[in-house]
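In what follows, a single structure is set out as structure tokens and then discussed.
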Amino acid sequence: MSTNPAVTELLHLWRAGDKQALNALTPLIYDELHGLAVRLFRGERGNHTLQPTAVVNEAFVRLSDADVAWQDRAHFFALAARMMRRVLIDYANARLAQKRGGDGIQVTFNEEVLGGDSLHLGMLDLERAMSELAELDERKAEVMEMRLFAGLNYDELSEVTGLSTSTLDREIRFSKAWLSTRLNGPAPAPEP
């Protein structure tokens, strides 16, 4: 994710009521949000009924309706991560209710995000695991949410959370291992 100081300035102007700021802001952030959504859908079947553009559009509508005191661009993308996660969960829940376990949304996260091999999992499975992680440690869950859904790097995470990069590294390594174990189950014990 690139750093663009104009985004922070436009967020502040938008918050102050400048409607033109939103018009100027949209092209600066839309491509990044779309890229994040595309990465979330990488490895999906081509005829999936929910597309990255729809996720971004819905998340953007929710963000533009939110009454938020934007701190900076990293704060915006942290909240965008939460909105994209909510859109995906809402969609997965709707599909589950419609099909009763049928065609729930599947998401592929690559090794850069969760570590190890590519992980293909159901969005509702991820939501349950993230909720369990939040019960265990809310800060770790929030950091992983920003990492998984907004793709924030360590510097951006540090801006949003106020944590040092070394603390973030420990939090993320723990969370990756915990989520991987929770989603894939513990590794089988070696046979004697």
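For residue 155 and residue 93, what is the calculated FRET efficiency with R₀ set at 30 Å and r taken between the beta-carbons, to the nearest 0.05?
It comes to 0.30.
Obtain the nm distance between the two label points defined at residue 181 and residue 12 by a simple spin-label model: each point lies 7 Å from its Cα along the Cα-to-C-beta direction.
Label-label distance for residue 181 and residue 12, simple model: 4.4 nm.
If I stretch the segment between residue 68 and residue 137 completely, what's the gain in nm (0.36 nm per residue apart, minus their alpha carbon distance), one decimal?
Here the answer is 22.4 nm.
Roughly what would the spin-label model give for residue 167 and residue 125, points 7 Å off Cα along C-beta, in nm?
According to this spin-label approximation, the distance is 3.3 nm.
Coordinate-derived values only; no laboratory data. In this text the structure is predicted, and so the values were computed from the model without any measurement. Backbone-built Cβ (ideal geometry, glycine too); neighbour counts: all protein chains shown.
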